[in-house]
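*Asks:* I'd like to ask you about the structure that follows.
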Protein chains: 2
Amino acid sequence: MEETPEVAVLRLGHRPGRDERTTTHVGLTARALGADRVILAGSGAGRGETIEDITDRFGGPFSVESTDEPIATVENWEGPVVHLTMYGLPIQEVEGEIRDVAGIGSDDTEDLLVVVGAEKVPFDVYEAAAFNVAVTNQPHSEIASLAVFLDRLFEGRELDREWTNAQQVVVPKAEGKQVTEPE
Amino acid sequence: MEETPEVAVLRLGHRPGRDERTTTHVGLTARALGADRVILAGSGAGRGETIEDITDRFGGPFSVESTDEPIATVENWEGPVVHLTMYGLPIQEVEGEIRDVAGIGSDDTEDLLVVVGAEKVPFDVYEAAAFNVAVTNQPHSEIASLAVFLDRLFEGRELDREWTNAQQVVVPKAEGKQVTEPE
């Protein structure tokens with residue numbers, strides 16, 4: 001993951017009770033697939049501990065933040081903002097431009113904010129985003145959209161990321177489970 | 001999506017209360033990203049109606065089934081079985097072989113079963129799967145893993161899928177929301 005901009009994921013609209021698992025999945029997907037940090041809005045902050053626990057065990061760097069003013073986070077972001085929404089432009093048509101704007105693989109990078117909602121996203125976010133991006137124009141899952149977006153943004157390089165300060169490491173196996181402590 | 005094998009997604013281990021949203025997301029992700037059907041095991045069947053409602057509104061074909069004997073579904077499957085697990089082999093190392101075995105893009109296809117769990121998956125599934133596949137060896141989300149797997153399996157062609165019998169169609173937009181009725 002050399003020469004990549006910082007990528008932050010902002011999780012909006014967490015509904016207590018209903019979105020506990022999905023907000024956790026957003027955070028863990030952000031971590032696993034190459035983002036540098038997740039920002040949990042409002043009551044979504046309650047899921048931060050679970051995500052930090054995974055980072056403590058399986059390594060980092062990855063940070064978890066929270067905000068009570070997510071719209072300000074979007075509007076004040078210095079670099080490009082990508083909002084993942086089923087109403088946006090097809091990812092396959094805009095991913096190249098987003099890589100260019102963020103400077104992926106160049107020496108001149110811009111930090112990227114990726115916004116994913118749970119419930120209905122305020123129109124302010126559509127307006128503030130440089131890119132409203134659809135991973136299909138079908139209703140499915142903000143977790144799935146985030147995963148496909150990150151895998152395409154980094155063109156698969158995120159899969160080879162190395163982790164530091166892990167207490168345990170999974171050893172890939174054709175069958176069964178193997179977990180070791182790092183050397 | 002010409003000349004592709006049938007792809008079914010089996011959702012295992014649904015926990016009532018805890019997994020309502022995630023099982024729905026698995027089913028909707030399967031539909032949106034090119035699978036032909038989802039099979040919901042045990043109490044996960046309760047999420048079928050929500051998934052079918054989306055198919056009624058946004059089009060198909062896509063079918064929802066349920067089973068109380070998911071291990072038999074895995075063991076009796078005629079074609080190759082892929083189990084998505086953080087303990088498996090890296091997707092970037094095995095995706096080509098899976099495409100070959102399933103006959104993606106050839107005239108000689110084999111139906112593929114993709115298994116995703118919620119809670120701990122029985123060891124029988126690891127044994128019965130032709131491929132235990134990891135979308136990173138990190139803990140994150142079966143929804144994210146399914147999304148990346150399908151996008152790579154179909155090499156992005158699933159994003160251009162057309163839908164039949166839709167009551168409503170989202171028109172991609174750079175900003176805002178536009179929904180129409182199909183012609």
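*Asks:* Please determine, in degrees from 0 to 90 and to the nearest 10, the orientation of helix A:91-102 with respect to the longest principal axis defined by the Cα atoms of chain A, where the helix direction is its Cα long axis.
*Replies:* 80 degrees
*Asks:* Would you kindly compute the Cα radius of gyration of chain B and its largest Cα-Cα separation (Dmax), both in Å?
*Replies:* 16.2, 49
*Asks:* For A:146-158, what's the mean count of beta carbons from other chains sitting within 10 Å of each residue's beta carbon?
*Replies:* 4
*Asks:* Bin width 10 Å, origin at 0, all Cα-Cα pairs of the stretch B:111-152: what percent of pairs per bin?
*Replies:* Taking all Cα pairs of the stretch B:111-152, the binned fractions are 24, 62, 14 percent.
*Asks:* So for the pair residue B:72, residue A:78, with labels modelled 7 Å out along Cα→Cβ, what separation do we get in nm?
*Replies:* 6.1 nm
*Asks:* How big is the stretch B:1-107 by Rg and Dmax over its Cα atoms, in Å?
*Replies:* According to the Cα coordinates of the stretch B:1-107, Rg and Dmax are 14.5, 43 Å.
*Asks:* In Å, the Kirkwood hydrodynamic radius of the stretch A:70-165 over pairs of distinct alpha carbons?
*Replies:* 14.0 Å
*Asks:* Given +1 on the Cβ of Lys and Arg, -1 on the Cβ of Asp and Glu, and no further charges, what dipole in debye does the stretch B:7-180 carry about its Cα centre, rounded to the nearest 20?
*Replies:* 860 debye
*Asks:* Further question: Taking 7 Å along the Cα-to-C-beta vector as the label spot, tell me the residue A:160-residue B:52 distance in nanometres, rounded to one decimal.
*Replies:* 4.7 nm
*Asks:* Translational diffusion coefficient, Stokes-Einstein: compute it for the stretch A:1-50 using the Kirkwood radius over C-alpha pairs as Rh, at 37 °C and 0.692 mPa s, and state it as an integer in µm² s⁻¹.
*Replies:* Calculated translational D: 293 µm²/s.
*Asks:* Nearest 500 deg cm²/dmol is fine: what mean residue ellipticity at 222 nm does the protein assembly as shown get from its DSSP H runs of n ≥ 4 alone, each adding -39,500 (n - 2.57), divided by its residue count?
*Replies:* Rounded to the nearest 500, it is -9500 deg cm²/dmol.
*Asks:* Additional query: How long are the semi-axes of the ellipsoid equivalent to the stretch A:54-117, from square roots of 5 times the Cα gyration tensor eigenvalues, in whole Å, largest first?
*Replies:* 22, 18, 14
*Asks:* Would you give the gap between the C-alpha center of the stretch A:65-99 and the C-alpha center of the stretch A:9-38, rounded to a whole Å?
*Replies:* Here the two parts' Cα centres lie 15 Å apart.
*Asks:* With no solvent and one point on each alpha carbon, what is the Debye value of log10 I(q)/I(0) for the protein assembly as shown at q = 0.10, 0.12, 0.15 Å⁻¹?
*Replies:* Evaluating at q = 0.10, 0.12, 0.15 Å⁻¹ gives log10 I(q)/I(0) of -0.58, -0.86, -1.42.
*Asks:* Using amide H atoms built 1.01 Å from N in the peptide plane, name the residues 5+ places from residue B:134, or on other chains, whose amide H lies under 5 Å from its own.
*Replies:* Amide H neighbours of residue B:134, under 5 Å, 5+ apart: B:85, B:88, B:89, B:91.
Quick note: the coordinates plus some simple rules give every number you see, no bench work behind them. Nothing here was measured: the structure is a model prediction, and the numbers come from that model. Counting neighbours? That spans all protein chains shown, and the Cβs are built from the backbone with ideal geometry, glycine included.
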